[in-house]
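The values are calculated or read from the model by the stated rules, or taken from the named source; none is laboratory data. Remember, it's a predicted structure, so these values are computed and weren't measured experimentally. Cβ: placed from backbone, ideal geometry, glycine included. Neighbour counts: every protein chain shown.
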Amino acid sequence: MNPKEREQRWIAYFLGEADPEEQRRIEEELAASPMEAEEFQRFVKDLHSWAQEPVSAASLRMHDILSRAGEPGMKPEKASSPFMKPTRWFWALAAAALLLFSLSRISFSIRTEFLSFSWGQKAGGEEFRTLEENLKSLSARVEDYRQAAAENQTMIQTLNLRNRLLEDNMRSAVSQIVHNQQIESRTRYNDLQQIMQMTGGGLSSFQSGSEENSSKTPFEGRSWINKSTNNDPPSNSESRGIKEPSPSP
Amino acid sequence: MNSENDDRDLMIRYARAGDIEAFEEILRRWDARVTAFLAKASRDRDTGEDLRQEVFVRVHRYRHTYNPRYSFPTWLFRIAANTLKTWQVHANRKPVFESLEDHPGMRDASDPAPHPRDCAAANEGAEKLRTAISNLEVSERSLLLYRLNLNLSYREISEILEEPESTVKSRIYALISRLRQSLHPDLIT
């Protein structure tokens, strides 16, 4: 048995992993080498004492675990560091303070046609009086603009009314024109009727020779017309009270 | 001492019924052990405390994923191992060659044992061993702690690390052997 194998068996023995028969054999070997056995025993003892040495630490609290796990209803632990991390509010306040400080250190003025405004160390009573006057002037101008707007509004209403009247007039004029055209058409038609009566069958002068077939009534050729000619339906002209000219021979 | 079944039952009560008292009992039972494991593995007590809190936050957050088929310590220390791994990645810690005993938090105030440096002759070996342990990787220290501090079985450790049981056993034996050789360089390998 080489030293390596023997060491492995001894390790098993000192770890309590050897079976009883193996234990007996190893104990015989240990008895045969007392110096080495003592060294091995001390080594294993030191190893165990390192492994089993307790570590002092504060007990873990249930609350700490649940709050760190992000459980609802559990407030997060306060920062253990005495130097709290700056919050967003802190930075916002710092920025506001810096802005105010900067504004207090600079002076500027705004002058326009209607307004004059100054800020800074030079701003005093005179500037405030000027500012007051400018404000009054500005108020008067605003009032002027308001009146002008009211007048414009009235004008717009008047124009709208006028437009409406014009529309009505135009509509009635168109109606009149249409009515006159109808009267004129009817008069012309009556004149034409009279002319045709006076000429007596002169309708052919209004018709071309190729339209002989058209002298037939539109209902000719239909069976019910041939059966009872007395009951012929009136032509369109008759129904309208207009006497149609008799067909040409 | 608490039994494995008790821990499992407590976790089931907490996971399924939201029993806060069960979780408080789990906390009471495992807080110190988890803290010691993380502090020793990370070689820093404050880090251990921070990581301990993170571990229990994850226990709370992932309580519904607990599978009663596995032992509670296996599940708990798998979370602890993952937390440690995440910390190691983020912190990108390099090995610090200082003794564990140099950190005041690593020694229990109530421990009546004298400081190793106070009796150098007697505990020279112990101090050397601690230095050698502090030079190990975090994962190597964790491996030793699973077995020697938490008394987990090789099967449980293999479940935590998702490695074969035989591999875990070989690694632990190899580590112990390496530590012993670092104390006695004259030993034949």
Open item on the list: Conditions first: (1) at pLDDT below 90; (2) assigned to a helix (DSSP H, G or I); (3) out of contact with any Ser or Thr (no Cβ under 7 Å at 6 or more places or on another chain). Residue A:204 passes all but one, so which condition is the exception?
Closed with: (3)
- [ ] Kindly list the number of the only condition in (1) within 9 Å of chain A (Cβ to nearest Cβ); (2) within 18 Å of residue A:54 (Cβ to Cβ); (3) not charged (D, E, K, R) that fails for residue B:23.
- [x] (2)
- [ ] Scan (1) in contact with a Ser or Thr (Cβ under 6 Å, 6 or more places away or on another chain); (2) at pLDDT 70 or above; (3) charged (D, E, K, R) for the single condition residue A:122 breaks and write down its number.
- [x] (2)
Task: the range B:145-163: number of residues that are touching a helix residue (DSSP H, G or I) at 6+ places or on another chain (Cβ under 6 Å) and either at pLDDT 95 or above or outside any loop (DSSP other than H, G, I, E, B) (or both) - done: 11
Open item on the list: I need the full set of residues from the range B:59-81 which are farther than 26 Å from residue B:165 by Cα and either within 9 Å of chain A (Cβ to nearest Cβ) or in contact with a Phe, Trp or Tyr (Cβ under 7 Å, 6 or more places away or on another chain) (or both), in order please.
Closed with: B:60, B:61, B:63
Open item on the list: Name the residue that is modelled with the lowest pLDDT, counting only residues in the range A:182-201 that are loosely packed, with under 12 Cβ neighbours inside 10 Å and among the hydrophobic types (A, V, I, L, M, F, W, C).
Closed with: A:198
- [ ] Among residues belonging to the range A:42-62 that are part of a helix (DSSP H, G or I) and of a type in the set (Gly, Ala, Ser), point out the one that is farthest from the other protein chains (Cβ to nearest Cβ).
- [x] A:49
Task: Hits in the range B:149-177 (condition: within 11 Å of chain A (Cβ to nearest Cβ) and on the phi < 0 side of the Ramachandran plot) - done: B:149, B:150, B:153, B:154, B:169, B:170, B:172, B:173, B:174, B:175, B:176, B:177
TODO: Restrict the check to the range A:153-164 and report whether at least one residue is at pLDDT 90 or above, surrounded by 10 or more Cβ atoms within 10 Å (Cβ to Cβ) and of a type in the set (D, E, K, R).
DONE: no
Task: Test: residue in the range A:19-41 that is part of a helix (DSSP H, G or I), more than 60 Å from the chain's Cα centre (by Cα), facing chain B (nearest Cβ under 8 Å) and of a type in the set (S, T, N, Q) - done: no
